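Structure record follows, encoded as structure tokens.
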Amino acid sequence: MDALAILNLEHRLLIGSMAVIARSTQYERRELITRFKRQVEIHNRIEIGVFYASFGADESLADLPVNRAGRQIVEKSLKMLACHPTDAPDWFPYFNTTREMLIRHMDEEEQTCFFAVRDRVSRPILSEIGRSLLNEKVRLDARELVERTGAR
Ligand SMILES: [Fe+2]
């Protein structure tokens with residue numbers, strides 16, 4: 001599967017998870033946000049560690065407009081949201097700000113980096129990177145499941 005299709009799908013799933021959190025009760029929020037934070041961390045790890053790392057040696061892609069600062073701001077905001085009391089009156093505006101930042105960051109990534117990669121990287125290479133992305137995602141998801149549930 002094409003690496004860009006996988007990452008775009010991941011972005012849609014993250015947006016869907018945020019919609020689920022937006023409709024949750026204050027009692028469900030803590031668990032949902034904690035899981036969402038892990039989902040975002042795994043997404044970032046495969047995106048940076050596999051996808052962008054694949055182009056590290058390619059000088060023709062050295063100018064990819066990767067917004068690392070934007071990603072760090074989103075991660076920090078999510079970390080703060082995970083600690084914010086779920087019954088606080090400002091929880092929802094706080095959540096909405098984080099959601100908007102995340103959506104803006106993903107839109108920007110799709111319209112700049114992904115667009116440039118689609119234009120300059122061949123389909124066979126994107127399929128090969130896609131396989132590596134999926135392998136790493138399965139490995140990290142399995143590890144997260146074991147950590148969360150204690151399953152062996
Ligand atoms: Fe992303």
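Could you tell me whether any residue of region 4-18 is at pLDDT 90 or above, surrounded by 13 or more Cβ atoms within 10 Å (Cβ to Cβ) and either more than 16 Å from the ligand (Cβ to nearest atom) or of a type in the set (Lys, Arg) (or both)?
Among the residues of region 4-18, not one is at pLDDT 90 or above, surrounded by 13 or more Cβ atoms within 10 Å (Cβ to Cβ) and either more than 16 Å from the ligand (Cβ to nearest atom) or of a type in the set (Lys, Arg) (or both), which makes the answer no.
I'm checking my understanding of the structure. Among residues of region 64-103 that are of a type in the set (D, E, K, R) and without any contact (Cβ under 8 Å) to a residue 24 or more places away in the chain, which one is farthest from the ligand (Cβ to nearest atom)? Outline the logic, then answer.
Quick first cut of region 64-103, residues of a type in the set (D, E, K, R) only: 68, 71, 75-76, 79, 87, 90, 99-100.
Then keep just the ones that are without any contact (Cβ under 8 Å) to a residue 24 or more places away in the chain; that gives 68, 76, 90, 100.
Working: 68: 12, 76: 16, 90: 27, 100: 16 Å.
Looking at the filtered set, the residue picked out is 90.
Within region 24-37, is there a residue that is acidic (Asp, Glu), within 14 Å of the ligand (Cβ to nearest atom) and surrounded by 12 or more Cβ atoms within 10 Å (Cβ to Cβ)?
Residues of region 24-37 that are acidic (Asp, Glu), as a first pass: 28, 31.
Still in the list and also within 14 Å of the ligand (Cβ to nearest atom): none.
No, region 24-37 has no match at all.
Looking at the structure I just gave you, is residue 46 under 23 Å from residue 111 (Cα atoms) and modelled with pLDDT under 90? Lay out the reasoning, then the answer.
On the way: under 23 Å from residue 111 (Cα atoms): yes; modelled with pLDDT under 90: no.
No, not satisfied.
Based on this model, can you work out whether residue 127 counts as more than 16 Å from the ligand (Cβ to nearest atom) and either in contact with a Pro (Cβ under 9 Å, 6 or more places away or on another chain) or within 27 Å of residue 5 (Cα to Cα) (or both)?
Details: more than 16 Å from the ligand (Cβ to nearest atom): yes; either in contact with a Pro (Cβ under 9 Å, 6 or more places away or on another chain) or within 27 Å of residue 5 (Cα to Cα) (or both): yes.
Taking the combined requirement at face value, the residue satisfies it.
I'd like the residue in region 64-117 that is of a type in the set (A, V, I, L, M) and assigned to a loop (DSSP other than H, G, I, E, B) and, out of all such residues, is surrounded by the fewest Cβ atoms within 10 Å (Cβ to Cβ). Reasoning before the result, please.
Initially, region 64-117 is screened for residues of a type in the set (A, V, I, L, M), giving 64, 66, 69, 73-74, 78, 80-82, 88, 101-103, 106, 116-117.
Cutting the leftovers down to assigned to a loop (DSSP other than H, G, I, E, B) gives us 64, 66, 88.
Numbers: 64: 15, 66: 17, 88: 11.
Across region 64-117, the extreme among qualifying residues is 88.
Considering only residues that are of a type in the set (Lys, Arg) and within 14 Å of the chain's Cα centre (by Cα), which ones fall in region 99-152? Give the derivation first.
Our first condition is that a residue be of a type in the set (Lys, Arg); within region 99-152, this holds for 99, 104, 118, 120, 123, 131, 137, 139, 143, 148, 152.
Once the filter is applied, which keeps residues that are of a type in the set (Lys, Arg) and within 14 Å of the chain's Cα centre (by Cα), region 99-152 yields 99, 104, 137.
The values are calculated or read from the model by the stated rules, or taken from the named source; none is laboratory data. Remember, predicted model here, so these are calculated numbers, not experimental data. Neighbour counts are summed over all protein chains in view; Cβ atoms, including those assigned to glycine, are modelled from backbone coordinates with ideal geometry.
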